[in-house]
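The block underneath contains the structure these notes are about, expressed in structure tokens.
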Amino acid sequence: MNPSILKFHLKYLICIFCIGWTNIIQTRDCQNPEFDSYYKKLRGYIKSHQPIAAISYADSVLQILEKNGLNSCPKTYWIIFERAEAFEHNKKFEDAILIYHGIMRKSEKENWWDLLAQANISIARCYETINRPTECLHHLSLARTLIAKENLDTIYAHFCARYSSYHRLYDNKDSAIMYANLSIQLGHQFKVARSVYDGHLLMGILSTKLDSAIFHFSQAVKIFEENEDYYGAAYQSLNISLRLLKVGNLTEADKELEHAYLNINKTEKENRSHFQLLSKFYDIKRTVFEKQGNIDSAYSYLQKAQHYNQKAEWYVNQENITANAIEFAIEKEKEKTRYLEKISSLMKWGLSIMGMFLLVFIILLFNNHKNKLEIKKQSELIQSRNQLLEQSLHKQSLLLSEVHHRVKNNLQLVISLLTLKVNQSKSSELKQFSEEVSSKVRGISLIHEQLYSTGDFEQIDLKEYLNNLIKQFREFYPSENTFGYQLEMDSVYLNLETVMPIGIICSELIGNSLKYARIPGKKLWINIELKLIEDKFAFKYADNGPGIPDNIVQKDKANMGLVLIKSMVRQLQAESSIFNQEGAIFRMNFVEKKISKV
């Protein structure tokens, strides 16, 4: 080898070694400014209501931090904290709680009191959302004790908002108002914007007077705008317009809609949340025109609402998420390759010093180069095959999602057309018939909505579906929403062929309870139970109404609802019975239907 070339190689290897070692030392600094850019981008995904993108991005960042030995830094755990919040936004509360508990263990060990207190508050929020008040209060109490002990004034502002929400749901309205106001006061004092707008949102919900409620919601909108959270500002303006619509104030409602539209235009355009806001905006506009009797405009805005709803569901930001994940994976592989190259270079440098081993050095260099080419060739082949597999799986997922989405949209269109037609008629019988048909169609539509929103096209969470079904009855029958209900079951995942008849049965039973089971002066309660006994599911539906007339129970009189229920029971190949015992009771034993895997 030419001495000048050898000298050049030696200088090059020494420079690479020095630069690489300097980078390793720098990347292990917990004050690395990259933390702030990672955290800001992650918060941006959460604020724009993109939890899946936030989770994917957080996972990629955490891989880089772990590779660089930064996985024990406090700022790393704040990124993990935001990842847990993204799981909350995606309604994966069990996953979020597990992550928060891990943060608590680490924070207690490292004396990170602010992070420990905040984790307790976030766990309490999860338990509040899934309606477990005892656990919620327990973690709020832990947070309060820690805040008082360590003088965590800023965290106390967050605590007050959460404590107000707890009192609003489970305890005392006066206490809820007091802590909501305290959240606003401390938020202003310590410049915690989230506590201020949370406090105003709670006061808006707690206010019994419309003017007071709208004032607080408007204050929340103002704070969202000051913090450039145009998603939150637009969403609250739309809620204000809905409240004004309910009291018939069409002028103010339309004015608030225009305010919402300005904020919607400030959000990121190529974003699913942007299209969801537009869909809701046009749907409320449709309601305004409908109340004004302008049916043609109402129908036009209904089409716009459906158009943007479809864009929201079909605008695939998954491509960006996949691109980010691939980018980070490639960067990780590049880092590994550079690290191996540094080790190889160090070996070459050591061998080049010893002139007696020059020949061996050349042979090793040649072999190393040959191995790199082979590894690169294999890596490219594997990467190409993985991309083809990912494209195939992605395409199948999109096709399945499209089927369920279109079925859901078509069913919603049927309901909307029925509603528009019935609104033009004065026949009470036609309106009642339309409501009955619509409730059944909504029950079926809800199944397809749950399928494409969760991304699992084979299994449906029956508990979540029934909970959403009952909420639909409350939303679409506001004059009859004073009934209580209880679901006594664990999360059970069943296939579509099993859930569909159960949904139709429950829709019919709930509709009958709302029509016939009300007793003056007594609140209607509906109880649904599901237990697994050996290899069968035991289903029970009960209300506290006057019961079913004996001639119907004894099959002396035909009833279209019971005919439909029995038809669905036969479709499930189930055993059922209906009788009276302090109200109407329906029992059914069934097994999950077998379906072909083809």
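The values are calculated or read from the model by the stated rules, or taken from the named source; none is laboratory data. Since the structure is predicted, the reported quantities are computational estimates derived from the model, not experimental observations. Methodologically, a virtual Cβ is constructed for each residue, glycine included, from the backbone with ideal geometry; neighbour enumeration extends over all protein chains shown. Calculation scope for accessible area: heavy atoms of the full protein, side chains included, ligands and nucleic acids excluded. Shrake-Rupley method; radii C 1.70, N 1.55, O 1.52, S 1.80 Å.
For region 512-521, the Karplus equation 6.51 cos²θ - 1.76 cosθ + 1.60, evaluated at θ = phi - 60°, returns couplings of 5, 5, 5, 8, 10, 9, 7, 10, x, x Hz by residue, with Gly and Pro reported as x. For the pair PHE579 and PHE215, label points projected 7 Å from Cα toward Cβ lie 5.9 nm apart. For region 167-179, putting each phi into the Karplus relation 6.51 cos²θ - 1.76 cosθ + 1.60 with θ = phi - 60° gives couplings of 4, 4, 8, 10, 10, 10, 5, 4, 5, 4, 5, 4, 6 Hz, in residue order, rounded to whole numbers and with x for Gly and Pro. Applying the Karplus relation 6.51 cos²θ - 1.76 cosθ + 1.60 with θ = phi - 60° to region 575-580 yields 3J(HN,Hα) values of 10, 9, 8, 9, 7, 10 Hz, where x marks Gly and Pro. Scanning residues 5 or more positions from TRP525 or on other chains, those with amide H under 5 Å from its amide H are GLY484, ASN544, with H placed 1.01 Å from N in the peptide plane.
Just by accessible area at a 1.4 angstrom probe, what is the order of MET203, MET347 from largest to smallest?
Ranked from most to least accessible, the order is MET347, MET203.
Taking 0.36 nm per residue of sequence separation and removing the Cα-Cα distance, the ASN423/MET178 pair yields an extension gain of 83.8 nm. Can you list the trypsin sites (Lys or Arg not before Pro) in region 170-199 that are in a DSSP coil and have 12 or fewer other beta carbons within 10 angstrom? Answer by residue number: LYS191. Within region 25-99, none of the chymotrypsin sites (Phe, Trp or Tyr not before Pro) combine a DSSP coil assignment with at most 10 other C-beta atoms in a 10 angstrom radius. Computed extension length for ASN371-GLN486: 34.9 nm, one decimal, from 0.36 nm per residue of separation with the Cα-Cα distance subtracted.
Shape call for region 151-292 from the C-alpha gyration tensor, a ≥ b ≥ c root eigenvalues: rounded (a/c under 1.5), prolate (a/b greater than b/c) or oblate? In terms of gyration-tensor shape, oblate. Heavy-atom accessible area, probed at 1.4 angstrom with all protein chains present, ranks HIS216, HIS369, HIS158, HIS259 as HIS369, HIS259, HIS158, HIS216, highest first.
Need the full-extension length gain, LEU359 to LYS149, defined as separation in residues times 0.36 nm minus the C-alpha distance. One decimal, nm.
Taking 0.36 nm per residue and subtracting the Cα distance, the gain is 68.6 nm.
Take the Cβ atoms of SER37 and GLU108, set R0 to 30 Å, and the FRET efficiency comes out at 0.55. Applying both filters, DSSP loop and at most 11 other Cβ atoms within 10 Å, to the trypsin sites (Lys or Arg not before Pro) of region 559-598 gives LYS594, LYS597. Mind running the shape call on region 74-138? Use the C-alpha gyration tensor, a ≥ b ≥ c as the square roots of the eigenvalues: rounded below 1.5 for a/c, prolate if a/b tops b/c, oblate otherwise. Because a/c hits 1.5 or more and a/b fails to exceed b/c, region 74-138 counts as oblate. Annotation for THR134 and ALA193: the two label points, set 7 Å from Cα along the Cα-Cβ direction, are 4.0 nm apart.
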